[in-house]
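Here is the structure we will look at, set down as structure tokens.
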Amino acid sequence: MKVHIPDSWKTELRKEFEKDYFKDLEAFVRSEYEQYTCYPSCPEIFAAFDHCAFDQVRVVILGQDPYHGENQANGLCFSVHDGVKHPPSLVNIFKELQTDTGKDYPESGDLSGWADQGVLLLNATLTVRSSQAGSHQKQGWEIFTDAVIQKLSEKTDPIVFLLWGGYAKKKGRMIDQQKHLVLNGGHPSPLSANRGYWFGNRHFSRTNEFLNRHGKPAIRW
């Protein structure tokens, strides 16, 4: 695994790349991709950073693992390539978006349009083995993404953090909630959504209300 990451992020995360845990992580990921089918593709591992420069981040959506089904993961949390059937979590995200904003249900599940506006679509673990959810957890990715969140929390400009589900909410301890807006909610997966923990959170409109109050343009969801 070679770290192809934009200069704005390299500047902020240079010390992480030099640490022993990250070198071990590189070796692990390289071995996994050589031996097994893993997702996303190597060029897309750092797609969240490619689409969203450090100084442009206005919103963070935190996922857990990449999708582990064939042709689904594209390096942006909850996103799939254009033309790929929408996974259940993404379906529920789009349903809430419809209800909250009145926007039509999107045909494409590719969320790169959000990312290009300053929405960092970050998974806590950036890689996964095919058909094996959680297979690349506890190998160092969580340490790395913790560092990413910590760096963003240190920014002066206020950011909106959308933490969906128990796993994401645990990351909230690293965020300066006096400066930034943290919106907690249930995970959009059917298990959580069908229990009443997802729908009606209005996170999309509440995000834009916060951005507008701070003189920032709204996200075109």
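The values are calculated or read from the model by the stated rules, or taken from the named source; none is laboratory data. If you're wondering where the values come from, they're calculated on a predicted model, not measured in any experiment. So basically every Cβ, Gly included, is an ideal-geometry build from the backbone, and we count neighbours across all protein chains shown. Note: areas computed on protein heavy atoms with side chains; ligands, DNA, RNA excluded. Shrake-Rupley method; radii C 1.70, N 1.55, O 1.52, S 1.80 Å.
The mean accessible area for residues of the chain, using a 1.4 Å probe and ignoring ligands and nucleic acids, is 47 Å² per residue. For GLN178 and CYS42, the difference between the fully extended length at 0.36 nm per residue and the C-alpha to C-alpha distance is 45.2 nm. Look at the alpha carbon pairs under 8 Å that are at least 6 residues apart: their mean separation over the length of segment 37-178 gives a relative contact order of 33 percent.
Can you work out ³J(HN,Hα) from phi for every residue in segment 143-152, in order, using Karplus 6.51 cos²θ - 1.76 cosθ + 1.60 and θ = phi - 60°, giving whole Hz and x for Gly and Pro? Values per residue, Gly and Pro as x: 5, 5, 6, 4, 5, 4, 5, 4, 4, 5 Hz.
Candidate cross-link partners of LYS15 among the lysines, defined by an alpha-carbon separation under 18 Å and a same-chain spacing of 8 or more, comprise LYS2, LYS23, LYS151, LYS155. Applied to segment 98-109, the Karplus parametrisation 6.51 cos²θ - 1.76 cosθ + 1.60 on θ = phi - 60° returns per-residue 3J(HN,Hα) values of 4, 5, 6, 10, x, 6, 5, 4, x, 6, 9, x Hz, with x for Gly and Pro. Computed FRET efficiency, Cβ-Cβ of ARG202 and LYS85, R0 25 Å: what is it to the nearest 0.05? It comes out at approximately 0.40.
The gain in end-to-end length when the ALA133 to LYS155 segment is fully stretched comes to 4.7 nm, 0.36 nm per residue minus the alpha carbon separation. The peptide list 128-134, 142-148, put in order of mean Cβ contacts within 10 Å with the highest first, becomes 142-148, 128-134.
In angstrom, the C-alpha Rg and Dmax of the chain are 16.6, 50.
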